[in-house]
Structure formats: structure tokens, C-alpha cells
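The structure appears below as C-alpha cells.
The values are calculated or read from the model by the stated rules, or taken from the named source; none is laboratory data. Remember, predicted model here, so these are calculated numbers, not experimental data. Cβ atoms come from the backbone with ideal geometry, glycine included; neighbour counts cover every protein chain shown.
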Amino acid sequence: MKRRGKHAKKVRKIRASILLVFSIILIGCIIYVGYNLYGKYKDKKDNTDILATVKIDEEKVSEDVTKRMIQLKELRKENSEIIAWIEIEGTNISYPVCQTDNNQFYLDHNYKKESSQSGSLFLDKDFDLQNGSSNYLIYGHRNQQGLMFEDLLKYKEKEFYKKHKKIKFTTEKEDSMYEILAVFYSRVYYKSEKNVFRYYYFVNANNEQEYNEYVENSKKASLYDTGVTASFKDQLLTLSTCEYSQEDGRFVVVARKAEN
């Protein structure tokens with residue numbers, strides 16, 4: 001009888017331990033899910049109608065200084081690393097663009113420099129804001145809530161492109177429109193791979209040949225012909241986001257600055 005009592009007591013202890021472990025795991029899962037849901041809610045809240053909170057003096061708006069330029073200037077008071085605003089009409093893409101001295105910080109920080117699952121849209125660190133560079137190379141995450149560059153993937157359909165051919169890009173100096181010249185799939189290539197198009201290395205052309213090669217390679221890789229090209233010294237704009245059909249896949253949209 002004593003042995004049975006000891007055995008039953010041991011079984012109860014084991015069951016209690018297992019129950020405790022399961023309870024801890026369950027609580028951990030609830031906390032994890034709750035944290036992620038809150039993070040997604042906060043990201044969406046922080047990245048929706050950003051400009052609605054920016055108060056400006058409408059009397060300062062003129063033919064040369066647009067409302068968007070003034071709003072951008074006000075945002076820069078909060079974070080001087082905000083260098084532009086990008087917008088594609090008819091999509092969710094309408095965000096500030098940041099730049100710092102590395103290409104890591106804004107992967108997980110928003111335009112307020114707060115920790116963020118969605119990160120921010122950001123300009124490649126090598127772009128020379130003072131003297132200008134050939135190509136505004138801008139990176140951004142995709143997001144299941146439709147935030148950041150999620151809508152870029154819609155450009156895989158030519159019918160979508162036909163209705164959304166232009167990208168609005170605003171700096172403190174000017175409002176500009178860019179015409180899309182190429183849309184293509186790519187990936188981050190291994191160093192050992194030769195004769196591949198590493199679009200993500202192109203920020204500033206050292207000469208006309210480098211510039212032309214970038215434009216030609218972009219058009220060659222494009223999913224369809226847009227009928228648009230670019231000439232040396234035309235300002236370029238390249239938007240890059242992740243694409244999951246292949247390892248380290250990317251989806252890319254290239255555009256050139258249109259005549260004002």
C-alpha cells in the first residue's frame with residue numbers, strides 16, 4: 001500500500017509539472033501573439049494619414065512652394081533624416097523617405113525613430129544629398145496590412161501599370177513626377193555569380209556607359225515594355241522590396257524624372 005501511495009504521489013507530481021510547463025508555454029504564446037498584434041496595430045496607426053497631423057500655414061503655399069513641400073519641411077523638424085515624400089496615386093504608398101549613414105536602422109524603425117515591425121522607406125546610404133546622385137535607390141519592407149511597399153507587387157500586372165504610370169516624389173526643393181520605365185523580379189546574388197544584374201549597387205554613375213547599362217539592363221529584365229527610357233543625366237528613381245518566390249528575391253520598379 002505504501003508503494004502504491006508513493007507511486008500515485010509521484011504521478012501527481014509529474015502531472016503537475018507537465019501542467020505547469022504547458023501553462024507557461026500557453027501564457028508565453030498569448031503574450032507573444034498579443035505583442036505582435038499590438039505591434040501591427042501600432043504600425044498601421046503610425047503609418048496611416050501621417051500628413052493629417054501636420055499643421056501648416058496655407059498662406060505659404062504658392063506655385064513654387066507646394067503644400068507637400070511645406071508638410072515635408074514640418075516633418076523634418078521632428079526628424080532631420082526625413083529627406084523626401086513618395087506617393088503613388090491609387091495605392092497605399094504615401095510615406096516619408098529617410099536616410100542615415102547605414103542601411104540597417106530604418107529596417108526596424110519608423111520615421112519617428114521608434115522601434116517598428118514595418119520599418120520605414122529609406123534611401124540608400126550612398127546617395128549624395130548635397131551634390132546629387134544618378135539614382136534615388138529606395139528600400140522598403142512589404143507588409144500584410146498593405147503598408148510600406150506591399151502595393152509595389154501590383155506592378156507585376158501590366159493592366160495595373162497602365163493606370164499607375166507615375167510616381168510623385170517630393171523634396172524640400174521641388175515636387176517631381178517620375179515615369180516608370182521598367183518593372184522586374186530580381187534577387188540578391190552570391191559574390192561567386194558572374195554576369196548578373198546587381199541593380200542594388202547602382203546609385204551614382206561614374207560615366208555615361210554605366211548609366212546606360214543600368215537603364216538597358218532594367219528594360220531587358222522588365223516584365224513588359226513601358227515605352228519609356230532614360231538618357232544620361234536624367235534623374236532615376238528605383239524602388240526595391242522583398243519578393244518571396246525565390247531565395248533573397250526582390251521586386252523592383254525603376255522610373256525616370258519627367259519634364260516639369
Long-range neighbours under 8 Å by Cβ, at least six apart or interchain, first residue touching a residue at least 40 places away in the same chain (Cβ under 8 Å) and assigned by TED's automatic domain parsing to the domain that holds Ile86 within the stretch 62-76, second exposed (fewer than 15 other Cβ atoms within 10 Å of the Cβ) and outside any loop (DSSP other than H, G, I, E, B): none
Test: residue in the stretch 67-83 that is among the small types (Gly, Ala, Ser) and either under 17 Å from Lys168 (Cβ atoms) or in contact with a Cys (Cβ under 8 Å, 6 or more places away or on another chain) (or both): no
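Scan the stretch 166-200 for residues that are closer than 25 Å to Leu51 by Cβ and either buried (at least 17 other Cβ atoms within 10 Å of the Cβ) or of a type in the set (Ser, Thr, Tyr) (or both) and jot them down.
Ile167, Phe169, Thr170, Thr171, Asp175, Ser176, Tyr178, Glu179, Ile180
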Qualifying residues in the stretch 85-134 (those that are in contact with a Ser or Thr (Cβ under 7 Å, 6 or more places away or on another chain) and among the aromatic types (Phe, Trp, Tyr)) - the one farthest from Phe202 (Cα to Cα): Tyr111
Filter result for the condition that a residue is modelled with pLDDT of 95 or more, within 17 Å of Asn135 (Cβ to Cβ) and either more than 20 Å from the chain's Cα centre (by Cα) or in a helix (DSSP H, G or I) (or both), over Tyr224, Tyr178, Tyr161, Tyr200: Tyr200
Test result for Gly140, under 12 Å from the mean Cα position of the chain (by Cα), more than 25 Å from Glu174 (Cα to Cα), in contact (Cβ under 8 Å) with a residue 40 or more places away in the chain and assigned by TED's automatic domain parsing to the domain that holds Glu174: no
Test set (1) more than 33 Å from the chain's Cα centre (by Cα); (2) at pLDDT 95 or above; (3) not small (Gly, Ala, Ser) - Arg15 fails condition number: (2)
Selection status of Phe251, within 17 Å of the chain's Cα centre (by Cα) and modelled with pLDDT of 95 or more: yes
Where a residue in the stretch 83-94 is in contact (Cβ under 8 Å) with a residue 40 or more places away in the chain and its partner, wherever it lies, is part of a strand (DSSP E or B) and small (Gly, Ala, Ser), with Cβ under 8 Å and at least six apart: Trp85/Ser94; Ile86/Ser94; Glu87/Ser94; Ile88/Ser94
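Can you confirm whether Asn110 is within 14 Å of Ser240 (Cα to Cα) and touching a helix residue (DSSP H, G or I) at 6+ places or on another chain (Cβ under 8 Å)? Please lay out each step first, then the result.
Numbers: within 14 Å of Ser240 (Cα to Cα): no; touching a helix residue (DSSP H, G or I) at 6+ places or on another chain (Cβ under 8 Å): yes.
For Asn110, the condition - within 14 Å of Ser240 (Cα to Cα) and touching a helix residue (DSSP H, G or I) at 6+ places or on another chain (Cβ under 8 Å) - is not met.
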